[in-house]
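Undergrad: Okay, here's the structure, questions in a sec.
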Amino acid sequence: MNPPAPMDPPAEVRAWCQAARRPCVLSGAGMSAESGVPTFRDTPRSLWARFDPATLATPEAYERDPALVWAWYQWRTHLVRRAQPNEGHVALARWARSRPELRIVTQNVDDLHERAGSPEVIHLHGSLFAARCVACGRPPSQPLASLGDDGPPPLRLLPPTCAACGGLLRPGVVWFGEALPPGPWQAALDAVTRCDLLVVVGTSGLVHPAASLPAQALARGVPVVEINPQPTPLSPLASRVWRTTAAVGLPQLLPD
Ligand code: OAD
């Protein structure tokens, strides 16, 4: 039988967090789970257990049925707008205030790190709040209408058109089969190359290239700490693993 997970933060990891001057955090969907934002894979309520990514999260899906795809992302945007940063987001933002060189690399397309007060958030998979024209790439010229709170979300919703060229707007997220945006990817590589501690929180570590970042830190001899209630492919490789959640673990681990 496995030993029970420690309730208190491992003392050594607390000391590493205290001593780190250039920490880097890699976050995934579990980071926002306690804010009520669904994850992708780990529960029956997770998005890819309920929805087929091939019909919602690929360029081909958008070409086939832009109204279906747009409506689904508007629903997700609506969920995120109603969500609040959790204690884990807040603890990271506090840490960032005392560590100006801290970098947060996130796979999340929500804005909860920013709303908690973290600067310098690197979004590897884009953002729900960065729609752009599918033809000319421009952002919308004015804020987009959001879904109201009444009634069920629409199954189909025609995307707005671009004021500049008349093309359809698309969600500003990275879809399966698309490359990561080069600027954020380079920034993530730089952050992992410079960091003196990498904290990996709330990611299953199954989606590349984001999942390759911890190995790069380990190869440099930098300690990698995993915070996740479930085992992942990173667990046997990580320097330390704490089986707890983001909102419970991070406030106990990180210095004020
Ligand atoms: P996943 O849904 O694959 O994994 C979520 C991870 O968070 C799992 O390992 C859970 O055990 C863990 N977890 C759940 N609740 C947690 C909590 N409260 N605190 C800490 N950890 C918790 O999400 P990601 O790894 O982020 O890509 O998925 C990576 C990418 O796959 C996403 O960015 C998305 C998806 O397809 C795109 O949309 C491009």
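Please treat every number below as a calculation from the coordinates, not as lab data. Note that the coordinates shown come from a computational prediction; the quantities given were computed from them, not determined experimentally. Counting neighbours? That spans all protein chains shown, and the Cβs are built from the backbone with ideal geometry, glycine included.
Undergrad: Could you list all residues from region 29-41 that are within 6 Å of the ligand (Cβ to nearest atom) and either within 16 Å of A210 (Cβ to Cβ) or of a type in the set (S, T, N, Q) (or both)?
TA: Initially, region 29-41 is screened for residues within 6 Å of the ligand (Cβ to nearest atom), giving 29-30, 33-34, 39-41.
Hits for region 29-41 are A29, G30, T39, F40, R41.
Undergrad: Related question: Any idea which residue in region 179-195 is nearest to A135 (Cα to Cα), counting only those that are within 16 Å of the ligand (Cβ to nearest atom) and touching a strand residue (DSSP E or B) at 6+ places or on another chain (Cβ under 9 Å)?
TA: First, pick out the residues of region 179-195 that are within 16 Å of the ligand (Cβ to nearest atom): 179-182, 184-185, 188.
Going one step further and asking which of them are touching a strand residue (DSSP E or B) at 6+ places or on another chain (Cβ under 9 Å), we end up with 180-181, 184-185, 188.
Numbers: L180: 18, P181: 17, P184: 22, W185: 23, A188: 27 Å.
Filtering region 179-195 for residues that are within 16 Å of the ligand (Cβ to nearest atom) and touching a strand residue (DSSP E or B) at 6+ places or on another chain (Cβ under 9 Å), the one nearest to A135 (Cα to Cα) comes out as P181.
Undergrad: Just checking, which of L250, L254 is under 25 Å from G36 (Cα atoms) and out of contact with any strand residue (DSSP E or B) (no Cβ under 8 Å at 6 or more places or on another chain)? Outline the logic, then answer.
TA: Working: L250 fails: out of contact with any strand residue (DSSP E or B) (no Cβ under 8 Å at 6 or more places or on another chain).
Selected residue: L254, the only one of L250, L254 that is under 25 Å from G36 (Cα atoms) and out of contact with any strand residue (DSSP E or B) (no Cβ under 8 Å at 6 or more places or on another chain).
Undergrad: Taking S118 as meeting all but one of (1) within 13 Å of the ligand (Cβ to nearest atom); (2) crowded, with 20+ Cβ neighbours inside 10 Å; (3) farther than 27 Å from G166 by Cα, write down the number of the exception.
TA: Only one criterion is unmet by S118, namely (1).
Undergrad: Then there's this: Restricting attention to region 25-73, report how many residues are under 29 Å from A187 (Cβ atoms), in a helix (DSSP H, G or I) and not charged (D, E, K, R). Break it down stepwise before answering.
TA: As a first pass, look at region 25-73 and keep what is under 29 Å from A187 (Cβ atoms): 25-42, 46-48, 53, 56-62, 69-70, 72-73.
Keeping just the survivors that are in a helix (DSSP H, G or I) gives 29-35, 47-48, 53, 56, 59-62, 69-70, 72-73.
Retained after the next criterion (residues that are not charged (D, E, K, R)): 29-33, 35, 47-48, 53, 56, 59, 61-62, 69-70, 72-73.
So the answer is 17.
Undergrad: For region 197-217: of the residues being among the hydroxyl-bearing types (S, T, Y) and within 11 Å of the ligand (Cβ to nearest atom), which is farthest from G36 (Cα to Cα)?
TA: Taking region 197-217 and keeping what is among the hydroxyl-bearing types (S, T, Y), we get 203-204, 212.
Retained after the next criterion (residues that are within 11 Å of the ligand (Cβ to nearest atom)): 203-204.
Values: T203: 16, S204: 18 Å.
Only one residue fits best here, namely S204.
Undergrad: Can you tell me how many residues within region 60-82 are within 12 Å of the ligand (Cβ to nearest atom) and touching a residue at least 60 places away in the same chain (Cβ under 8 Å)?
TA: 1
Undergrad: Out of everything in region 218-228 that is over 16 Å from T106 (Cβ atoms) and of a type outside the set (D, E, K, R), what residue ends up being farthest from the ligand (Cβ to nearest atom)?
TA: So the residue we want is G221.
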